[in-house]
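Quick notes on the structure that follows.
The values are calculated or read from the model by the stated rules, or taken from the named source; none is laboratory data. Here the structure is a predicted model, which means the values were calculated and not measured. Glycine gets a Cβ as well: all are built from the backbone with ideal geometry, and neighbour counts include every protein chain shown. Ligands, DNA and RNA are excluded from the accessible area calculation, which covers all protein heavy atoms including side chains. Shrake-Rupley method; radii C 1.70, N 1.55, O 1.52, S 1.80 Å.
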Amino acid sequence: MGELKGKVALVTGGGQGVGQGIAYALASEGAAVAVAGRTLKKLEATVSEIEARGGRALAIRCDVKHANELAHTIEFCVANLGGLQILVNNAQEVPNGVLLEVTDEAFTAGFESGPLASLRLMKFAYPYLKGDGCIVNLASTAAKRWDITGYGAYAAVKESIRSLTRAAACEWGPDGIRTNVILPHAKSPGLMWWIENNPEEAEAFQRTIPQRRVGECEEDIGRFVAQLCSEASRYVNGQTIAVDGGQAYLG
């Protein structure tokens with residue numbers, strides 16, 4: 001324990017689901033964690049849990065689709081927690097649906113909240129990350145599905161994040177910044193709702209996962225992210241890593 005002691009992390013979408021699980025895991029390893037998102041009440045609940053475990057945390061209300069709010073989030077985090085060494089871009093509006101039904105508005109929102117927000121935050125955080133920084137972006141295995149029906153727009157948005165991640169790894173590696181992307185499969189609120197409301201389909205879906213289960217937000221996804229940000233992973237850079245129980249074959 002304590003692999004990230006003295007580090008400061010910022011996690012977007014940290015009020016629930018995967019983002020919350022990542023925030024808990026980073027804090028468990030000693031990092032001070034700022035969680036950012038649109039719903040302050042959810043963020044404050046995450047902060048309260050981290051503090052109850054003996055950690056240090058900060059809630060920052062932020063709509064990631066607005067550049068000025070992202071810039072404020074970085075500055076507020078640094079001012080209140082004393083720096084920034086870890087950035088986790090998790091927040092995302094999901095433009096699901098078959099192509100003929102995905103609206104321009106939904107696709108634009110997915111792009112603005114995903115790759116554009118990630119790029120903006122990476123650039124705003126860059127001066128603070130130099131020397132000993134780690135960026136973890138979240139993408140998806142959707143583009144690797146055997147049947148991508150209904151997921152095309154979402155996959156397109158997430159694949160953009162993968163490209164930006166690789167570029168940052170190449171361009172910023174000499175500056176002491178590592179940048180990787182994970183493709184998680186976890187019990188987010190949305191997935192849990194789907195499982196509960198579609199039990200037969202969900203059972204069939206889980207049989208496509210070699211480990212026969214959906215990952216836990218903190219224990220499976222969060223702990224892996226914490227390891228990826230630690231000294232133990234100091235030579236891992238520019239990689240796309242599926243954290244999904246073996247379901248996707250990246251090839």
Check your understanding: Is there any pair linking a residue in the range 171-190 that is closer than 16 Å to Val243 by Cα and in contact (Cβ under 8 Å) with a residue 60 or more places away in the chain to one that is surrounded by 19 or more Cβ atoms within 10 Å (Cβ to Cβ) and among the charged types (D, E, K, R), with Cβ under 6 Å and at least six apart or on different chains, and which?
Key -> His185/Asp244
**Study point:** Whichever residue in the range 128-138 is within 18 Å of Ala36 (Cβ to Cβ) and out of contact with any Ser or Thr (no Cβ under 7 Å at 6 or more places or on another chain) and, among such residues, is surrounded by the fewest Cβ atoms within 10 Å (Cβ to Cβ)
**Key:** Tyr128
Review point. What is the number of the single condition among (1) in a loop (DSSP other than H, G, I, E, B); (2) in contact with a Lys or Arg (Cβ under 8 Å, 6 or more places away or on another chain); (3) buried (at least 24 other Cβ atoms within 10 Å of the Cβ); (4) not acidic (Asp, Glu) that Gly30 does not meet?
Key: (3)
Exercise for review: Please state which one of Val35, Val18, Val47 is part of a helix (DSSP H, G or I), touching a residue at least 24 places away in the same chain (Cβ under 8 Å) and either farther than 17 Å from Gly215 by Cβ or open to solvent by 10 Å² or more (accessible area, probe 1.4 Å) (or both).
Suggested key: Val18
Review point. Being aliphatic (A, V, I, L, M), closer than 23 Å to Asn237 by Cβ, under 15 Å from the mean Cα position of the chain (by Cα) and at pLDDT 95 or above, is that true of even one residue in the range 161-176?
Key: yes
Review point. Inside the range 150-175, can you point out the residues that are outside any helix (DSSP H, G or I) and either open to solvent by 30 Å² or more (accessible area, probe 1.4 Å) or of a type in the set (Asp, Glu) (or both)?
Key: Tyr151
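Please find, within the range 207-251, the residue that is surrounded by the fewest Cβ atoms within 10 Å (Cβ to Cβ) out of those that are β-branched (Val, Ile, Thr) and not in a strand (DSSP E or B). Steps first, please.
From the range 207-251, those β-branched (Val, Ile, Thr) are 208-209, 214, 221, 225, 236, 240-241, 243; that's our starting set.
With not in a strand (DSSP E or B) added as a condition, the list becomes 208-209, 214, 221, 225, 236.
Numbers: Thr208: 13, Ile209: 16, Val214: 21, Ile221: 27, Val225: 30, Val236: 15.
Among those that are β-branched (Val, Ile, Thr) and not in a strand (DSSP E or B), it is Thr208.
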Exercise for review: Select, from Ala232, Ala226, Ala204, the only residue that is of a type in the set (A, V, I, L, M), out of contact with any His (no Cβ under 9 Å at 6 or more places or on another chain) and without any contact (Cβ under 8 Å) to a residue 12 or more places away in the chain.
Suggested key: Ala204
Practice item. Scan the range 68-82 for residues that are closer than 23 Å to Pro115 by Cβ and either open to solvent by less than 50 Å² (accessible area, probe 1.4 Å) or out of contact with any strand residue (DSSP E or B) (no Cβ under 9 Å at 6 or more places or on another chain) (or both) and report the count. Key: 7
Check your understanding: Looking at the range 20-28, is at least one residue over 18 Å from the mean Cα position of the chain (by Cα) and farther than 17 Å from Leu129 by Cβ?
Key -> no
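Could you tell me which residue of the range 185-206 is modelled with the highest pLDDT, considering only residues that are assigned to a loop (DSSP other than H, G, I, E, B) and open to solvent by 40 Å² or more (accessible area, probe 1.4 Å)? Steps first, answer last, please.
So the first thing to find is which residues in the range 185-206 are assigned to a loop (DSSP other than H, G, I, E, B), and the list is 185, 187-188, 198.
Checking the rest, the ones that are also open to solvent by 40 Å² or more (accessible area, probe 1.4 Å) come to 187, 198.
Values: Lys187: 86, Asn198: 82.
Among residues in the range 185-206 that are assigned to a loop (DSSP other than H, G, I, E, B) and open to solvent by 40 Å² or more (accessible area, probe 1.4 Å), the one modelled with the highest pLDDT is Lys187.
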Practice item. Sort out which residues of the range 223-251 are in contact with a helix residue (DSSP H, G or I) (Cβ under 9 Å, 6 or more places away or on another chain) and of a type in the set (Lys, Arg), and write them in order of number. Key: Arg223
Point to revise | Test set (1) without any contact (Cβ under 8 Å) to a residue 24 or more places away in the chain; (2) within 25 Å of Gly83 (Cβ to Cβ) - Asp132 fails condition number | key: (1)
**Study point:** Looking only at the range 50-67, and only at residues there that are open to solvent by 20 Å² or more (accessible area, probe 1.4 Å) and part of a strand (DSSP E or B), the one that is nearest to Lys7 (Cα to Cα)
**Key:** Leu58
